[in-house]
1. Name every residue in segment A:125-145 that is among the polar types (S, T, N, Q) and either facing chain B (nearest Cβ under 9 Å) or surrounded by 15 or more Cβ atoms within 10 Å (Cβ to Cβ) (or both), in order of residue number.
2. Just to verify a result, which residue in segment A:100-124, among those that are without any contact (Cβ under 8 Å) to a residue 12 or more places away in the chain and facing chain B (nearest Cβ under 7 Å), is nearest to residue A:216 (Cα to Cα)?
3. Considering only residues that are part of a helix (DSSP H, G or I) and more than 21 Å from residue A:252 (Cα to Cα), look in segment B:150-165 and name the one that is farthest from the other protein chains (Cβ to nearest Cβ).
4. Determine which single condition residue A:169 fails, assuming it passes every other condition in (1) within 23 Å of the chain's Cα centre (by Cα); (2) closer than 16 Å to residue B:35 by Cα.
5. For residues in segment B:112-134 being touching a residue at least 12 places away in the same chain (Cβ under 8 Å) and assigned to a loop (DSSP other than H, G, I, E, B), which is farthest from the other protein chains (Cβ to nearest Cβ)?
6. Among the numbered criteria (1) at pLDDT below 95; (2) closer than 28 Å to residue A:146 by Cα, which single criterion is violated by residue B:132?
7. Looking at segment B:207-222, which of its residues are within 14 Å of residue B:119 (Cα to Cα) and aliphatic (A, V, I, L, M)?
Amino acid sequence: MTTAAVPQSAPEKPRSRGPRQSIMSRSAAMLIMGVFTLYFLTPIWWLLVTSTKSGGDITGTSALWFTPDSVATFFTNITGLFAYENGLFVKWLLNSALYAGVGAFLGTIIAAMCGYALSKYEFKGREAIFNVVLSGVLVPATALALPLFLIFSEVNLTNTYWAVFLPSLVSPFGVYLARIYAAASVPGELLEAARLDGSGEVRTFFTVSSRLMAPALVTIFLFQFVTIWNNFFLPLIMLRDQALFPVTLGLYAWNSQISQIPELRTFVIIGALVSILPLIIAFLGLQRFWSSGLGAGSVK
Amino acid sequence: MATLDQAQNPPGTNPPGNKNSRLVSNKRRSTRKAVAVFVAPFAVLFILFYAAPIIFAIIQSLLVVEREGTFGAPQQVFGGLSQYALVFQDQAFWASVGRVLLFGVVQVPIMLGMALLFALLLDSPLLKGKKFFRLAFFAPYAVPGVIAAIMWGFLYSPSLSPFSAVTSEINFLDGSLVLWSIANIVTWVYVGYNMLIIYASLLAIPTEIYEAARLDGASNAQIAWRIKIPLVTPAIILTGVFSIIGTLQLLAEPQTLRSFSSAISSTYTPNLAVYTTASIPNYNLAAAFSVVLAIATFILSFVFLKATQRKVSQ
């Protein structure tokens, strides 16, 4: 471990360049990051503040700060949102949770199994399958939305949960990541040992290998979750029935009706806030996993 | 470091000590079965929801609707490439392609340049509070495109914006600026995501490399420019490919902004043109648009990959 010895002598050298320059570049770096922190967080802050205002106060009051009765108005807005049209918004949230939560969970397992097999077993057609998967990564998902609609209408399944749920299960990029990760984190010797112990291949995957791949699986899950949660074109083209909408499509529909129904503006704003909270919470809570898993995609 | 040696064993090969041939053939059979179990679910779903739609779209794009007489029932018949002839004559579609290409040429380098700068700053010894900056910059990624467009739509609007001093002077939603207003929304959402991908690959570089350079008197900027950027080029290429694909797919943001701005036409981006054409409904032409768009995206990201790889290896 040569690294341990080097750092002690390293700080000597930069000091000779003068501390002033170092302070200047430190301040410049902090200034750049500070300015862009404002850029990235101001819109979210505005959304939070505006969701504590009644319809009339949105324009009349200071846009980036709360009013005296913000807390009360916030709760009025929330209950109004959840009660509007018999809890339509709650329905949308549940739909999104179903599409994205269940879809990403199953999709991750399916992608992980495939990527794992591509990495750990030699079989005929392995490279061919992997190349097909790779070109799948390069095909834009929205280019598939219309053809999917045409296929689903052949079997009379448009405007159903399945129409949005089933196509979301396929994640070629997840397979790609899983393959890289399985190669890096599951030693072949371990599989041999499990075999000698009489453990079946499938059981070994679920009890041993999947644990070793856990950070990768969380990363794949999160990014597929975001992809499905954010998906817009597929539900837009598939669904007519409002009760089946995910929350993004629902808010889009409300937003485009604001000019006819002005009271919707309050609900769109607070609804936007409520709809981004699950993702922010998921990312914060699982940060430990995905921040280590993110770099994997670019390894090869 | 025993694990490293183990990992280098090619997967699936038999250990040299295994002489029992019946055991081997048993193992082969069970391995083959396991592979089938692992690959089948993805393969089936991929065929149904990836391959089949592409094939179906190609078939649809080769059909035309014909009627027997003026009042006859419509019937789909083989029309050869006539839909593609229509695609190539469709000026609105090509205008939309030109628009997203212009968008991509300007927005993608700016976004990736910002992402690279932030990732290098996060990786440098200059910053304090790195964890905070990382999360703050990444937060917009949790905002879906539709919601981001709604938020910025309000922020741009002359009457509702908290920055109405600016937005009443400059109309961000009129024809000359709205493309760049959309570019700002996309940049806002994705800079942090791209930053994290580049940052993650910066973290993977062994620190000994910097220490050696520092001993030789290299400054932070020189280390960033000469060592870090070349080493994270694969990550930058990856973000580049995804950004190109994303740009050509642009739909949610412009479609949502249409309720704030009349400057966004129903064929503003290629995907909007597909949606509008499908709503007519003219599925055959819309399918042809989709096929052209998919091929264009595929070729563009493929060429980008190849071109950058050649540059790297030189």
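The values are calculated or read from the model by the stated rules, or taken from the named source; none is laboratory data. Note that the structure is predicted; figures quoted are calculated from it, not measured. A quick note on method: Cβ atoms are made from the backbone with ideal geometry, for glycine too, and the neighbour counts reach across all protein chains shown.
1. Residues satisfying the conditions are A:135, A:142.
2. A:117
3. The residue in question is B:165.
4. The single condition residue A:169 does not satisfy is (2).
5. Going through the qualifying residues, I end up with B:125.
6. (2)
7. If the condition is that a residue be within 14 Å of residue B:119 (Cα to Cα) and aliphatic (A, V, I, L, M), then B:221 is the only one that fits.
Residues checked against (1) basic (Lys, Arg); (2) closer than 29 Å to residue A:143 by Cβ; (3) at pLDDT 95 or above:
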site: A:226; (1), (2), (3): no, yes, no
site: A:229; (1), (2), (3): no, yes, no
site: A:261; (1), (2), (3): no, no, no
site: A:265; (1), (2), (3): yes, no, no
site: A:270; (1), (2), (3): no, no, no
